[in-house]
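The values are calculated or read from the model by the stated rules, or taken from the named source; none is laboratory data. Remember, it's a predicted structure, so these values are computed and weren't measured experimentally. Backbone-built Cβ (ideal geometry, glycine too); neighbour counts: all protein chains shown.
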Amino acid sequence: MKFLYYFIAFLQVISAILLITVVMMQESKNEGLTGQIGTTVTSSFKGKAGKEERLIQATRNLAIIFFVLSTIVAVTTGRWN
């Protein structure tokens with residue numbers, strides 16, 4: 001069971017590094033939350049997603065993965081160690 005714990009912790013570290021990388025690749029908008037919402041709404045009418053839209057999707061997905069892995073590690077820390 002310790003192997004599974006270390007494997008999940010390793011995946012958590014990898015997802016954190018990927019999340020930081022994807023966030024750093026995004027361009028600064030300097031418009032705050034309203035600019036982000038407006039960009040998302042107007043970009044949804046385009047046919048193919050551009051680089052920024054794909055980075056936003058990747059950020060959302062990696063954040064969800066990181067949150068789930070962090071929750072699993074936090075809940076199972078006392079049980080598997």
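A few points about this structure:
- Residues that are over 14 Å from Thr76 (Cβ atoms) and loosely packed, with under 11 Cβ neighbours inside 10 Å, drawn from segment 1-16: none
- Pairs, first more than 13 Å from Val23 (Cβ to Cβ) in segment 56-71, second among the β-branched types (Val, Ile, Thr), C-beta under 9 Å, six or more apart: Leu69/Ile8
- All conditions but one from (1) surrounded by 12 or more Cβ atoms within 10 Å (Cβ to Cβ); (2) of a type in the set (S, T, N, Q); (3) at pLDDT below 90 apply to Ser70; the one that does not is (3).
- Residues (of a type outside the set (Ser, Thr, Tyr) and over 17 Å from Thr71 (Cβ atoms)) located in segment 4-28: Ile17, Leu18, Ile20, Val22, Val23, Met24, Met25, Gln26, Glu27
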